[in-house]
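The values are calculated or read from the model by the stated rules, or taken from the named source; none is laboratory data. In this text the structure is predicted, and so the values were computed from the model without any measurement. Here the Cβ positions follow ideal geometry from the backbone for every residue, glycine too, while neighbour counts run over all protein chains shown. For accessibility, only protein heavy atoms count, side chains too; no ligands or nucleic acids. Shrake-Rupley method; radii C 1.70, N 1.55, O 1.52, S 1.80 Å.
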Amino acid sequence: SIPSESRQVWQKFGVKEFGGKEEFQQEFIRHVETTLARSMYNCDDLAAYQAASQAIRDRLIVAWNKTQQKHTTKDRKRVYYLSLEFLMGRAMDNAMLNAGIKDITKSGVADLGFKIEDLLEQEPDAALGNGGLGRLAACFIDSIASTNYPGWGYGLRYQYGIFKQRIVDGYQVESPDYWLTFSNPWEIPRYEIQIDIMFYGYTRKYTNDDGKVVHVWEGGEQVQAVAYDVPVPGYGTETTNNLRLWASKPTREFDFEKFNAGDYESSVRESQKAETISAVLYPNDNFYSGKELRLKQQYFWVAASLNDIVRRFKKTHRPWKEFPDQVAIQLNDTHPTLAVVELQRILIDMEGVEWDAAWNIVTNTFGYTNHTVLPEALEKWPVPLFTNLLPRHMEIIYEINLFFLQKVEKMFPKERDLLGRVSIIEESSPQQVRMAYLAIIGSHKVNGVAELHSELIKTTIFKDFVTIYGPDKFMNVTNGITPRRWLHQANPKLCDLIASKVGSYDFLKDLNLLKKIEPFAHDPKFQDEWVTIKKFNKARLAAHIKQSNGYDVNVNALFDVQVKRIHEYKRQQMNIFGVIHRYLSIKAMTEEEKKEATPRVCIFGGKSAPGYYMAKTIIKLINAVSEVVNADTDVGDLLKVFFIADYNVSKAEIIVPASDISQHISTAGTEASGTSNMKFVLNGGLILGTVDGANIEITREVGENNIFLFGHLAESVEDLRHKHRFSDVPLDPNLEKVFNAIEIGTFGDPNIYVSLISSVTGSDYYLVSDDFQSYLDAQKLVDQDFKNKDTWVSRSITAVANMGFFSSDRAIDEYAESIWNIEPIAMD
Ligand code: 4GP
């Protein structure tokens, strides 16, 4: 321990958080001159961003150290959120807001000749995720910190996040996102935390002196996991949690055999291979692709995280059976399911715990969240690939399966088919490991992410498991979003206006306080201010469109937005077919009719998985329509169509506050929840949507009058699909006109769209034709209602007032209470 004289020196010079503007400036200049080795004479916006972020980082680290010390001394149960994706976006604005130093920093840099907005623009997005699942993880760790729960995120430190998208000749072109070019001030490399991870090799067993059978796994390849910590500051609290991201490095063991044999180059190459494990994020959303490197990523990350968690637990010297009283681990989808097997392996092979006792610990530790019912997204690993990479884990999975199937057989002796249906091993050729089944069997709770979705998993993909375990193991936690980023940061003006009525900014912590603005829904002055802010936000987006797409946009037009990953189930194709229908209608209008029409700006954005042909065709069609429509002088302001390239978190922060209508139009039963639907409504936009995912609960909260719903319900989808398969269902006549226009070349070479059209005229799996008329009817209603400014604005205000439920703080409280069994730790 530290001698008391030394302790005094430590305390005297211990780093304090800067309090006022001048202290911030002092820190800023110190970082410019020392950390960056620049000066007043060559400090550009990039350097100023780096210096400001270093100053803010120092402050975060002080709070982070304090929090971690506090949590360690309190010694209470923690949650670990395991997610292969954290779609964080930019950190600086959020850090300033959460730490309560936005004003100091803003005026601090202004005195030094910089605009804070310009500095914020310098930061690259941390785009370590694909879409909804990754952004949810980012909102969740913000909420875990903001609600003072002790919790860590564990993920991978990809060198390349989701690819950058450019549009070339109407097509998506991908380029790598090397986001770490200028080093990342928001991470703390922890070179002292290095964990050896093994792959391949073989297993062997022997009987030890006590007569016990011991399993060993040895002889494999080793790589090292190095930790990078990202402080996660809570809003309005000193609590600053940790997001630990692992990077793969070669082990220090150098292959001297090869070296001595004179093969230096190949031993270097072997070393380099280690680093590729954490190099890239797989760019698929709602889609599984069975690549060996992906399984390697999963094991690498899971093994490093569990090693870390177990090490922390062992320091408390508690008996193993208390592990679940100290540790809750949430599996964000099936990607981290190997953690179930790895913990069992650690307990039985390395810690000498008996199988049953170990399995009891495991199942009480884990919870599993499912994010999709789409069959193409469910992970299954071929047994041969799995056995080769993780031989000991495969043995343990067989054991887990055996005990599980024995139990099922005892419970349902007559149901022979059931065993095959619920087995972790699918009897295909080759056999496959069904990761979702392993996750269910290894967890004490399984949840879906919105009410309908949580019902659907019980009645469809996991039905047999409800029979086996009973309904209580399965529950719902409806997703949420953080109001810090999605209201304050994205829409500061609306936030200020709301605060003027609520009387404080407390709604950023307790979103139900938004209710207080409802009485002003018809107040003309409040309405005016509301409209002015929407216009401001639309102008901000218009400026972006001008810069990226080169067109002037009429900010009085209705802004109609669909931004999300491009996927057939999300039905951007239906939207663009609707736009074509609108275009054809405008072309057929008289001048009188044109005067009555509502001008629209249709905005699309989103990435397609690089190998997803149909999604790429949809992007091409949107751009082809955009080119024709925007250049057509008959149409003028009545219709403009834009595809905004490279949709990401920071673009969402500009796009979301500018919408009048946003579209969430998935085939009923396919979108588990959606979270951007919540973001749009929270920012005063109304939804045009299907009865799917969280749209349903949004409707319940904001009232049926404040949302535009259409389309078939989830319960009729199966029947409709059946009809398409077994009889000739006539194509919707309006859709037929749209297809004719495409086929005669109105939007360029029609050959490009043959397969897209036949996906609808054929089996129409996503029911585009079935829902098309009802979609057009809903659009018509939107056009009419938008003309009545007073009711439109009051609907917008009422909707916002009732969005409290969709704060991710509420979601986290539900997880904490019903799955994790953890309590907040106050910081003072
Ligand atoms: C997404 C779902 O598609 C979306 O509905 C949901 O809001 C989000 O998870 C968060 O729960 N799923 C995925 C995926 O991104 O890859 O399964």
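Residue-level check: of (1) touching a residue at least 24 places away in the same chain (Cβ under 8 Å); (2) open to solvent by less than 50 Å² (accessible area, probe 1.4 Å), Lys74 misses just (2). Of the numbered criteria (1) open to solvent by 10 Å² or more (accessible area, probe 1.4 Å); (2) within 30 Å of Met96 (Cα to Cα); (3) among the aromatic types (Phe, Trp, Tyr), the one Tyr469 fails is (2).
Of the helices (runs of 4 or more DSSP H) that lie entirely inside segment 336-409, those containing 3 or more residues that are open to solvent by 10 Å² or more (accessible area, probe 1.4 Å) span 355-365, 383-389.
Cβ-Cβ distances below 7 Å connect the following pairs, each with a first residue in segment 115-130 that is over 14 Å from Met88 (Cβ atoms), a second residue that is of a type in the set (D, E, K, R) and surrounded by fewer than 20 Cβ atoms within 10 Å (Cβ to Cβ), and a separation of six or more residues or different chains: Ile116/Lys106; Asp118/Asp45; Leu119/Asp45; Gln122/Asp45. On inspection, Leu487 does not qualify as open to solvent by 10 Å² or more (accessible area, probe 1.4 Å), among the hydrophobic types (A, V, I, L, M, F, W, C) and not in a loop (DSSP other than H, G, I, E, B).
Among the residues of segment 799-828, the ones that are of a type in the set (D, E, K, R), in a helix (DSSP H, G or I) and either open to solvent by 20 Å² or more (accessible area, probe 1.4 Å) or free of Cβ contacts under 8 Å to residues at least 40 places away in the same chain (or both) come to 4 in all. Annotation note: Cβ proximity below 8 Å between a residue of segment 134-145 that is under 13 Å from Asn479 (Cα atoms) and open to solvent by 10 Å² or more (accessible area, probe 1.4 Å) and a residue that is near the ligand (Cβ under 9 Å from one of its atoms) and β-branched (Val, Ile, Thr) (sequence gap 6+ or interchain) occurs for Arg135/Thr675. For segment 50-65, the condition holds for at least one residue, the condition being that it is over 30 Å from Thr365 (Cβ atoms) and either of a type in the set (Ser, Thr, Tyr) or part of a loop (DSSP other than H, G, I, E, B) (or both). Given the conditions (1) over 29 Å from Asp125 (Cα atoms); (2) open to solvent by 10 Å² or more (accessible area, probe 1.4 Å); (3) within 16 Å of the ligand (Cβ to nearest atom), which single one is not true for Ala668? So Ala668 meets the others, but not (2). Of Gly689, Gly674, Gly693, all but one fail to be within 16 Å of the ligand (Cβ to nearest atom) and free of Cβ contacts under 8 Å to residues at least 40 places away in the same chain; the exception is Gly689. Among the residues making up segment 636-645, those that are in a strand (DSSP E or B), of a type outside the set (Lys, Arg) and either open to solvent by 30 Å² or more (accessible area, probe 1.4 Å) or over 9 Å from Asn549 (Cβ atoms) (or both) are Leu639, Val641. For segment 104-144, the set of residues classified as among the aromatic types (Phe, Trp, Tyr) and more than 15 Å from the ligand (Cβ to nearest atom) consists of Phe114 only. If only residues of segment 267-282 that are modelled with pLDDT of 90 or more and open to solvent by 30 Å² or more (accessible area, probe 1.4 Å) are counted, the one that is nearest to the ligand (Cβ to nearest atom) is Tyr282. Within the bounds of segment 744-751, is there any residue that is among the small types (Gly, Ala, Ser), outside any helix (DSSP H, G or I) and touching a residue at least 60 places away in the same chain (Cβ under 8 Å)? Yes; the residues of segment 744-751 include at least one that is among the small types (Gly, Ala, Ser), outside any helix (DSSP H, G or I) and touching a residue at least 60 places away in the same chain (Cβ under 8 Å). What is the residue count in segment 270-314 for residues that are farther than 25 Å from Gly151 by Cα and among the β-branched types (Val, Ile, Thr)? The total comes to 3.
Could you say whether any residue in segment 308-320 is touching a helix residue (DSSP H, G or I) at 6+ places or on another chain (Cβ under 9 Å), within 16 Å of the ligand (Cβ to nearest atom) and either open to solvent by 30 Å² or more (accessible area, probe 1.4 Å) or in the same structural domain as Pro430 (by TED's automatic domain parsing) (or both)? Checking segment 308-320: not a single residue is touching a helix residue (DSSP H, G or I) at 6+ places or on another chain (Cβ under 9 Å), within 16 Å of the ligand (Cβ to nearest atom) and either open to solvent by 30 Å² or more (accessible area, probe 1.4 Å) or in the same structural domain as Pro430 (by TED's automatic domain parsing) (or both).
Quick check: is even one residue across segment 614-633 within 23 Å of Lys737 (Cβ to Cβ), touching a Cys at 6+ places or on another chain (Cβ under 8 Å) and not assigned by TED's automatic domain parsing to the domain that holds Ala450? Looking for residues that are within 23 Å of Lys737 (Cβ to Cβ), touching a Cys at 6+ places or on another chain (Cβ under 8 Å) and not assigned by TED's automatic domain parsing to the domain that holds Ala450, one finds none in segment 614-633, hence no.
Yes or no: segment 788-798 includes at least one residue that is of a type in the set (Gly, Ala, Ser), assigned to a helix (DSSP H, G or I) and within 31 Å of the chain's Cα centre (by Cα). Within segment 788-798, one or more residues are of a type in the set (Gly, Ala, Ser), assigned to a helix (DSSP H, G or I) and within 31 Å of the chain's Cα centre (by Cα). Taken over segment 410-444, the residue count meeting the criterion of being under 24 Å from Ile819 (Cα atoms), touching a Gly at 6+ places or on another chain (Cβ under 9 Å) and open to solvent by 10 Å² or more (accessible area, probe 1.4 Å) is 1. With a requirement of 1 or more residues that are within 16 Å of the ligand (Cβ to nearest atom), closer than 30 Å to Thr699 by Cα and in contact with a helix residue (DSSP H, G or I) (Cβ under 9 Å, 6 or more places away or on another chain), the helices (runs of 4 or more DSSP H) lying completely within segment 411-470 that satisfy it span 451-459.
To keep it simple, each residue is scored yes or no on (1) β-branched (Val, Ile, Thr); (2) open to solvent by 20 Å² or more (accessible area, probe 1.4 Å); (3) more than 16 Å from the ligand (Cβ to nearest atom); (4) in contact (Cβ under 8 Å) with a residue 60 or more places away in the chain.
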residue	(1), (2), (3), (4)
Asp634	no, yes, yes, no
Asn648	no, yes, no, yes
Met678	no, no, no, yes
Val681	yes, no, no, yes
Ile698	yes, no, no, yes
Lys723	no, yes, yes, no
Val729	yes, yes, yes, no
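Among residues of segment 23-35 that are open to solvent by less than 70 Å² (accessible area, probe 1.4 Å), those with a beta-carbon under 8 Å from a residue that is acidic (Asp, Glu) at least six positions away or on a different chain give the pairs Gln25/Asp111; Glu27/Asp58.
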